[in-house]
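Data first, discussion second: the structure below is written as C-alpha cells.
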Amino acid sequence: MTTQPAWWKTGVIYQIYPRSFKDSTGNGIGDLAGIIEQLDYFTDQMPVDVIWLSPFYPSPMADFGYDVSDYTNVHPLFGDLDTFDKLVDEVHKRDLKIIIDFVPNHSSDQHAWFIESRSSRDNPKRDWYVWRDAKPGGSPPNNWIGVFGGSMWEWDEATGQYYLHSFLKGQPDLNWRNPEVKAAMFDAMRFWLDRGIDGFRIDVAHHLMKDPLERDNPPVDDTVVMRHKAMGEYDLQMHVNDVAHADIHPLMREFRALLDSYSATQPRFAVGEIHDFNWESWASYYGENEDELHMPFNFLTLAAPWTATGIRDIVSAMEKTIPPTAWPNYVLGNHDEKRLATRYGQENTRLAAMLLLTLRGTPTLYYGDEIGIEEAIIPREQQQDPWGLRAEGLSRDGCRTPMQWNDSAGAGFSSTIPWLPVHQNKTTKNVATQQENPRSLLNFYKALLLTRKQHPALHIGSYKPYRDAPANCFGYYRTYNEQHLLVLLNFSDTALPCKLPSNANLLLSTKSGRRAHITFTEITLQPREGVVFDLGSFVG
C-alpha cells in the first residue's frame, strides 16, 4: 500500500493578513467573518490547499497583533471565538487546512502576565520576562540592538531594572528558560489545536533562545553576507548572541512533540519564521532527526538576484543542504516584504508564479499577488507601521493594503474608509475584472494551481536541473514514477532558442498566445516566458 504524502508537502499555502482581506462590519478593518464570506474564492478561483492567518488575538495593536495581550482569545475587531470556530469548520468543509500565527517570543506589555511581572521585583511572574540591573553608571546590561532599532533594553522606573524587548518596547520578551512560561505557552498552543486548527506559523522562532551569558554582539564586519533588505540600525551588529542560541533546538523538539501528540487523527504542522542566511544553520531547524520544525521558512530566495543563475544557485543550495527526507519550501512575498510585482516588475509576475508553483517543495503565496497588487506609496501622515514611523523607508504598510475584490471605491473590501488606503491600481488589479478575462494574471494562477494539482510530478515529484538550458534560462525536470515534466524559465529580456530532450507536449505557458497541448521538439522562449512541458515516458 502506497503511503499518501503529508498534506503540508503537497499543498499550497496562502497567507491572509486579516486586517486587509475583507471587512464584514463596515468599520474599515478586515475580520474573520469577512474571511468566511470569501472562502469560496479558494475553491472556485484560487484552488490553494492551506490558508494561514496572521494574528487576530486581543492586542493594543502597537505592532498590529504581533503584540499579544491574550493568547487564547480573539480581538473584538476580528470577531470572537464562536466566529473563529465557524471559520475553522467552514475551511474544513471545503477540504482546506488552516494554520495560524503563534507569537511566542514576546507578548504585549498590556498582557496580564507582564502587568504582574512589572508590578514588583518579588511578584511570582517577575521571572516570566527578562529583567536585569543596569550596569554601573546606569547603562543597559549589554549592547543589543532591537530589530526596530534602539536598545533592546527598556528602563522601568517603578522597579529600577531594565526589561528585554527584541522589537518594540511594548513587546517584552518572554523568558523561555522559565519552565512556567513554557508550560503556559504550550497550553496556549493546545487551546487552538483543540479547536481544530491544522498547525502554526511560529513567529521569529529563532529569537526564543538567547545567549544565557548575555554577551555583547560584535559590530558588523566586511565578511558578513547582508540580509535581503536593509534593516536600519539593526544592521550595525552581528546578531550572534541575541538570537539562535543552541538551546533553541531542544525547545523546537518539544514544539514538535506537542504537535505530534495531536497528529494521530489529524496531522498537525509547524513552519517557523527563521531569518538565517547561512544554509547549514538554517537547515538545522529541521532537526538532526527531522524532529524539529516541519519546515523553516526559506527566505533566501528573497535575497537572490532575479536571474536564472541567481535563482538556480538558491535551489541547488537548498537541494544540497536539507536533510535527506526533509521537504523544501519557497517564499517570494509576505506581510513584511515589498510586493512581488514591485520588486520584480509586472512583466515578471507570471514567471515568478510559475517558479514558485513548479519547484519541488511547499510554496507560500501572499494575498493579492495573484492579481498583481503593487507596493503602495502611503503618505507619511497615513502610515501605520511602527517600524516605518521609527525609521524612514522601512514601513511595511505598502504591502498590507486592502485586498482588491472589485473596482468600487472601497475595492469590495469595505463600505467605508479602510484602515490603509486602497491601491490606486484597483481599477484593473481586482478579482472581479480579472475573473472575466481569460488572459488575466488571476486566471493564470488558477490554471497553474490546477496544473500542479493534476500532476503529481509537480506537487510531490523529484527535482533535477536541466543542464541543456541556455544561459539566462533556468530549466529543471520534475519527475514522479513514470510522469516526467520539464520547466523552462527565461529570465532575460531577449528571445532564447531552447532544445528539448524529446518530443514535448506543452501544458502551460506564461504567454497567453501559446496554445497548450501542442508538441514541440524545440522552442524559442519569448522574453520573460516560462513553460511547462510533459515529456511522456522520457527518462533524462
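The values are calculated or read from the model by the stated rules, or taken from the named source; none is laboratory data. Just so it is clear, the model here is predicted, and its values are computed rather than measured. Virtual Cβ from ideal backbone geometry, glycine too; neighbours counted across all protein chains shown. We work out accessible area using only protein heavy atoms, side chains counted, and drop any ligands, DNA or RNA first. Shrake-Rupley method; radii C 1.70, N 1.55, O 1.52, S 1.80 Å.
Can you tell me which of 417, 371 is within 18 Å of residue 339 (Cβ to Cβ) and of a type in the set (A, V, I, L, M)?
Of 417, 371, the one residue that is within 18 Å of residue 339 (Cβ to Cβ) and of a type in the set (A, V, I, L, M) is 371.
Give the residue, chosen from 494, 479, that is in a loop (DSSP other than H, G, I, E, B), over 17 Å from residue 517 (Cα atoms), open to solvent by 10 Å² or more (accessible area, probe 1.4 Å) and at pLDDT 95 or above.
494
Take the conditions outside any loop (DSSP other than H, G, I, E, B), at pLDDT 95 or above, out of contact with any Cys (no Cβ under 6 Å at 6 or more places or on another chain) and open to solvent by 50 Å² or more (accessible area, probe 1.4 Å) and apply them to residue 233. Does it pass?
Criteria not met by residue 233.
Restricting to the range 269-281, and then to whatever is buried (at least 22 other Cβ atoms within 10 Å of the Cβ) and not small (Gly, Ala, Ser), can you tell me which residue is farthest from residue 333 (Cα to Cα)?
269
Residue 278 versus (1) at pLDDT below 95; (2) touching a Leu at 6+ places or on another chain (Cβ under 6 Å): which is the lone unmet condition?
So residue 278 meets the others, but not (2).
Can you spot a residue in the range 430-440 that is within 30 Å of residue 66 (Cα to Cα), buried (at least 18 other Cβ atoms within 10 Å of the Cβ) and not basic (Lys, Arg)?
Looking through the range 430-440, at least one residue is within 30 Å of residue 66 (Cα to Cα), buried (at least 18 other Cβ atoms within 10 Å of the Cβ) and not basic (Lys, Arg).
Within the range 413-429, which residues are within 17 Å of residue 25 (Cβ to Cβ) and open to solvent by less than 20 Å² (accessible area, probe 1.4 Å)?
Within the range 413-429, 413, 414, 420 meet the criteria.
Within the range 1-44, can you find the residues that are among the hydroxyl-bearing types (Ser, Thr, Tyr) and open to solvent by 10 Å² or more (accessible area, probe 1.4 Å)?
Listed by number, the residues that qualify are 2, 3, 10, 24, 25, 41, 43.
When residue 78 is evaluated against the numbered criteria (1) loosely packed, with under 15 Cβ neighbours inside 10 Å; (2) in a loop (DSSP other than H, G, I, E, B), which criterion, by number, is the only one it fails?
Failing condition for residue 78: (1).
Go through the range 283-309 and report how many residues are farther than 25 Å from residue 199 by Cα, open to solvent by 10 Å² or more (accessible area, probe 1.4 Å) and not polar (S, T, N, Q).
Final tally of qualifying residues: 4.
Check residue 467 against each of (1) outside any strand (DSSP E or B); (2) open to solvent by 40 Å² or more (accessible area, probe 1.4 Å); (3) in contact (Cβ under 8 Å) with a residue 40 or more places away in the chain and name the one condition it does not meet.
(3)
Among the residues in the range 93-103, are any farther than 30 Å from residue 47 by Cα and open to solvent by less than 20 Å² (accessible area, probe 1.4 Å)?
Checked against the condition, which is being farther than 30 Å from residue 47 by Cα and open to solvent by less than 20 Å² (accessible area, probe 1.4 Å), the range 93-103 yields no hits at all.
Of all residues being of a type in the set (Val, Ile, Thr) and under 28 Å from the mean Cα position of the chain (by Cα) in the range 497-540, which is surrounded by the fewest Cβ atoms within 10 Å (Cβ to Cβ)? Just the residue, please.
510
For the range 324-341: of the residues being of a type outside the set (A, V, I, L, M, F, W, C) and crowded, with 18+ Cβ neighbours inside 10 Å, which is farthest from residue 304 (Cα to Cα)?
By that ranking, first place goes to 335.
Does any residue in the range 257-268 that is within 12 Å of residue 198 (Cβ to Cβ) and open to solvent by 60 Å² or more (accessible area, probe 1.4 Å) come within less than 6 Å, Cβ to Cβ, of a residue that is modelled with pLDDT under 90 and of a type in the set (Phe, Trp, Tyr) six or more places away or on a different chain, and which pairs are these?
So the pair list comes out empty.
Among (1) surrounded by 18 or more Cβ atoms within 10 Å (Cβ to Cβ); (2) free of Cβ contacts under 8 Å to residues at least 40 places away in the same chain; (3) over 28 Å from residue 296 (Cα atoms), which single condition is residue 378 missing?
If we test residue 378 against (1) surrounded by 18 or more Cβ atoms within 10 Å (Cβ to Cβ); (2) free of Cβ contacts under 8 Å to residues at least 40 places away in the same chain; (3) over 28 Å from residue 296 (Cα atoms), just (2) comes out false.
Step by step: first the residues of the range 441-462, then only those that are of a type in the set (Ser, Thr, Tyr) and out of contact with any helix residue (DSSP H, G or I) (no Cβ under 6 Å at 6 or more places or on another chain), then the one that is surrounded by the most Cβ atoms within 10 Å (Cβ to Cβ). Which residue is that?
Result: 451.
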